[in-house]
Amino acid sequence: MGAGAFFFEELRTVATLAPTLVSSSDSVDLFLLTLEGLDGLKDEFGEESNELNAATTLTDAVLTNLLGSLAEKYHSALAVQFMFQGRLTRRLADLTPAPTAYNASSGELTVSEIANYQICLWTGVVLVLAVLSAVCCLINMDIRPDSLLYAKFQADVSSKLE
């Protein structure tokens, strides 16, 4: 079986996958999908070939259709993670929309806003703990006269005056 036939057999399997899945409402479903046909096409036609570009576009369309079917089947309670290797990662990642900034109407937070909040929160907690430990150390300090400050001797400084 050639690389092209293997690729199209994989895509046919993925395209017909969603209707065959049975969802159960009392458990969590986990699906792992591995596509290796693009690697064979890359080896056969080259990384910059038109065939590989067309196959990448077709793969994106089939995966988008699969995700739409799964979202309908699972009523939008779906988490998806794509893992790609090599140059195909950049090609397929370019087709997905970039994350947007904070939208006040939807309540979404960006990663930098979450990071700033966490940094400020934990810095404040550490500083409050440091102040409390310093106060506790001052409260528990022994109160006794310092021997250097309260020494009872007369220094002979007459030789220094002459």
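None of the figures in this text is laboratory data; all of them are computed from the coordinates on show. Not measured: the values here are computed from a predicted model. Backbone-built Cβ (ideal geometry, glycine too); neighbour counts: all protein chains shown.
Excluding residues on the same chain fewer than 8 positions from LYS152, give the lysines whose Cα lies under 26 Å from its Cα.
Straight-line reach from LYS152, under 26 Å: LYS160.
At PHE153 and ALA54, where each label point lies 7 Å from the Cα along Cα→Cβ, what is the point-to-point distance in nanometres?
10.2 nm
May I ask you to derive the FRET efficiency for ARG12 and CYS136 from their Cβ-Cβ distance with R0 = 45 Å, giving the value to the nearest 0.05?
After rounding, the FRET efficiency stands at 0.05.
Between GLU44 and ALA61, 0.36 nm times their residue separation minus their Cα-Cα distance comes to what?
3.9 nm
Among 112-121, 145-154, 48-57, how do they line up by average Cβ neighbours within 10 Å per residue, starting with the highest?
Result, highest mean first: 48-57, 112-121, 145-154.
Assuming R0 = 25 Å, can you tell me the calculated FRET efficiency for the pair ALA5 and TYR74, based on Cβ-Cβ distance, to the nearest 0.05?
0.20
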